[in-house]
Structure formats: C-alpha cells, structure tokens
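**Q** The structure is given below, and queries will be raised subsequently.
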Amino acid sequence: MVSVILILMGCGSKKDNPKPTPTPVLTPTEAALSAPAQNSVCTSGTILSATESTISFSWNASDNTNSYNLIIKNLLTSDSTTQNTTLTQLDITLLRNTPYSWYVVSQSTKTSATAQSAVWKFYNSGPGIVTYAPFPAEITAPTLGQVVSTTTGTVNLTWTGSVVSPDVITNYDVYFGTTSSPAITASAITNSFLNNVAVAANTTYYWHVITRDVNGNTSDSGLYQFSVN
C-alpha cells in the first residue's frame, strides 16, 4: 500500500510555466528627405528682409519614430542648429546668399537607437545673385584631428566637391603645411585628391582646399589639421 502512494505522488508533480517571449523593440528607420532638394538653389522661401528668408524643410515619415531632430549647418561658418519636432515639416529662418547642409535624425521613446538620413546641401539665394559659389569642399581624409601612421613618409589627401546645378567645378587649389596659414601646394588641379604628399613623423600638418567653378566663383573648405606619429 505504501508503494502505491509514492507512485501517485510522483505523477502529480507540476511542470514549470514557460517564460513569456519579450516583445522586440523596433528601432527607428531612416527618413527620406524631400525639400530643399539636394544641390539646389532654394528660391521658394518667404523673404523676410534683404538678409533673411524662411525656408520650408520637409521629409517623409520614418517607421518606429516618435520625433525628429532637424540639423542645419551653415557651410560658411560651420555653425549648426538643431530643431526637434514630431512633424515632418518645419519652417526655419535662415540667412540669404548662404550655402547650407541639412539632415534628419529619427528618434523613438522606446529605444535610445536613432537613424540618420542622408545629408543634403542647398544654397539659400538672395538678391542680385546670378551665379553661386561652389559648396565648400568636404574633407574626407585625413579627417580633422586624425593621427596618421605611414610607412612611406607620405599621405594621400582626399575631398569631395559639389556645386549648385547647372554650375560645374573646374579645379581646386590645395594649401598644405606645418603652420595654421599653410602655403599653396598644388594649384588648379582637376582631381579631388592629391597623392604622395611628403610628411614627417611627430609633426602636425594643416591644410584646406579652395574649390573653383566655371564662373570663377570660389569657396574654402576651412582649415583642417592632422598629426603623423
């Protein structure tokens, strides 16, 4: 009789309840920019004065997003502003006769992960402007403050140029040296790179690029510096 009771007790043991599967957190996706268009002359703004106008920025809604940061950069001064919104359109007052870049960062209240859109550039037009200066060249390598290692005693300088359509870039001037006022190293080159530039170890170098278009207009990338270890 005792043996029967033990068997019944063993059969009555409970199974552990399975743990619920956690709901995955969906991260924001990249917003698609709409206006102002890439490399455009922005003439659709509302003119406020000879120096300012209001520009309408718009983009397509991104998935899993609660709000957006609109980042606008003055390409002449490198000053940036950030505007937060839950909408997909904002009107912003900007300086006229000035080139800008802009992009949108998608955000969610459910995660710290974000998604950045492409970066677009435009020129906010002003009175009396018939042609527009090129956008300042974007330095791609070496980047600002980068520490470079080289086994050949040389570095390659690279950048990206762009202009307001239908203008065309004709050439670049490259200034390079060990002071914050570097001398011109190469003039009127048509490539967006300068290879095999001689450098020395334990030295800091400064450089910038002047972009020139078919109308003779120019722009300056701004001064960059890097070090060789």
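The values are calculated or read from the model by the stated rules, or taken from the named source; none is laboratory data. Remember, it's a predicted structure, so these values are computed and weren't measured experimentally. Surface areas here come from the heavy atoms of the whole protein model, side chains and all, with no ligands, DNA or RNA. Shrake-Rupley method; radii C 1.70, N 1.55, O 1.52, S 1.80 Å.
**Q** Please give the Cα centre distance for the stretch 31-66 versus the stretch 92-147, rounded to the nearest Å.
**A** 12
**Q** What does the helix-only formula give at 222 nm for the chain: each DSSP H stretch with n ≥ 4 adding -39500 (n - 2.57), the total divided by the residues, and the result rounded to the nearest 500 deg cm²/dmol?
**A** Dividing the helical sum by the residues of the chain leaves -1500 deg cm²/dmol.
**Q** Further question on the same structure: Helix 2-11 sits at what angle to the longest principal axis of the chain, using alpha carbons and giving 0 to 90 degrees rounded to 10?
**A** Around 20 degrees separate the two axes.
**Q** Then there is this: What whole-number value in Å² describes the accessible area per residue of the chain for a 1.4 Å probe?
**A** Accessible area per residue, the chain: 57 Å².
**Q** Which of the lysines could a cross-linker bridge to residue 19, judged by Cα under 25 Å and excluding same-chain residues fewer than eight apart?
**A** 110
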